[in-house]
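Here is the structure we will look at, set down as structure tokens.
The values are calculated or read from the model by the stated rules, or taken from the named source; none is laboratory data. Because the structure is a prediction, the values reported are computed rather than measured. Here Cβ is always computed from backbone atoms with ideal geometry, including for glycine, and neighbour counts include all displayed protein chains.
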Amino acid sequence: MAKYGKIGFIGIGNMGQAIINGLIESGLVAKSNILAYDSDTKKRAIAKKYGIKTAKNNQDLVAKANIILLAVKPQVIDDVVKEIKDKVSESKTIISIAAGITTGHIERLLGKVRVIRTMPNTPALIRQGITAISKGKFATKKDEKITQDIFSSVGETIKIEESQMDAVTALSGSGPAYLFLTIEALIDGGMKVGLSRKNAEILTKETLLGAARMAVETGENASILRKKVTSPGGTTEAALKYLNKKNFSKILAEAIKVAAKRSKELGK
């Protein structure tokens, strides 16, 4: 990774930290080639934990880095991009993780620059994430490969058309929250039928982990795996009939549509 020069992180929040840690832990990039800045002094102090240097400000960071990763919220992206505009040249690669913000939007603010849009998710914090990647009008295949390298350090990557990015944001970007809500509900349900919180929590987490591994490792369709668990007249069938009666699947699908709509709104 050293051949690409310095990687600069604007934003040292949870996702910024996850990627910094992934790069270091994977050995993909040396600490000396990572630079970071955050307007929050407490977050700048966190950089010391990783043994990386902090820039004086965003402009200083962009001047020193070849690859700039915008790890900030979509609500502040315009302010950050306008601040760094004078320091951005065509030789630099801009990578954004901001939900809803298109490559075209950043290009309009910065001019003819190489922009890559990504959507990672929070399991990147334990290097088990999935990141969707799409390149802008001026980005090259090399920029795309660099981005894949960076995000492969925190999990899997997938290349998609940017027109699908709002859908990705709704499904995998927000997806962990849907599962965490499900975990909460299953634990509460287990307690209501007599389990202790501790046991309900262990059983829930291990069950979901095992089911996810089955889906990935067997490669079988989820509907087939579901049918294998569902014996006619059994407990699973009774529970699934109740969930279907309450439109469980439809509710989840509608939730994803709502999240995708919100992603589009953030880009306006």
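Remark: Leu69 falls outside the filter, which requires a residue to be farther than 24 Å from Ile126 by Cβ, in the same structural domain as Glu156 (by TED's automatic domain parsing), touching a Phe, Trp or Tyr at 6+ places or on another chain (Cβ under 7 Å) and not in a loop (DSSP other than H, G, I, E, B).
Taking (1) part of a loop (DSSP other than H, G, I, E, B); (2) out of contact with any strand residue (DSSP E or B) (no Cβ under 9 Å at 6 or more places or on another chain); (3) of a type outside the set (Lys, Arg); (4) more than 30 Å from Ala170 (Cβ to Cβ) in turn, Asp86 satisfies each apart from (1). When the criteria are applied in full, Ile116 fails the requirement of being in a strand (DSSP E or B) and under 12 Å from the mean Cα position of the chain (by Cα). Looking across the stretch 26-55 at every residue that is assigned to a loop (DSSP other than H, G, I, E, B) and over 23 Å from the mean Cα position of the chain (by Cα), the one that is modelled with the highest pLDDT is identified as Ala55.
The single condition among (1) in contact with a strand residue (DSSP E or B) (Cβ under 6 Å, 6 or more places away or on another chain); (2) of a type outside the set (D, E, K, R); (3) not in a helix (DSSP H, G or I) that Ala124 does not satisfy is (3).
Of all residues in the stretch 222-233, those that are in the same structural domain as Leu208 (by TED's automatic domain parsing) have Cβ atoms under 7 Å from Cβ atoms of residues that are among the acidic types (Asp, Glu), 6 or more apart or on another chain, in Thr230/Glu237; Ser231/Glu237. When you look at Ala211, is it in a helix (DSSP H, G or I), aliphatic (A, V, I, L, M) and farther than 27 Å from Ile126 by Cβ, yes or no? Here the answer is no, as Ala211 does not meet what is asked. Residues in the stretch 171-208 that are small (Gly, Ala, Ser), surrounded by 13 or more Cβ atoms within 10 Å (Cβ to Cβ) and over 23 Å from Pro120 (Cα atoms): 3 in all. Which of the residues spanning the stretch 89-101 are within 19 Å of Ser174 (Cα to Cα), out of contact with any Pro (no Cβ under 7 Å at 6 or more places or on another chain) and assigned to a loop (DSSP other than H, G, I, E, B)? Result: no residue meets the conditions. Yes or no: Leu70 at pLDDT 95 or above and over 23 Å from Glu265 (Cβ atoms)? It is false that Leu70 is at pLDDT 95 or above and over 23 Å from Glu265 (Cβ atoms).
Within the stretch 239-255, the set of residues being free of Cβ contacts under 8 Å to residues at least 40 places away in the same chain and more than 22 Å from Met214 (Cβ to Cβ) comprises Lys241, Tyr242, Lys245, Lys246, Asn247, Lys250, Ile251, Ala253, Glu254. A single member of Lys257, Lys227, Lys268 is among the basic types (Lys, Arg) and closer than 26 Å to Asp188 by Cα, and it is Lys227. May I ask you to verify whether Ser223 is surrounded by fewer than 14 Cβ atoms within 10 Å (Cβ to Cβ), hydroxyl-bearing (Ser, Thr, Tyr) and either on the phi > 0 side of the Ramachandran plot or part of a helix (DSSP H, G or I) (or both)? When the stated conditions are applied, Ser223 passes them.
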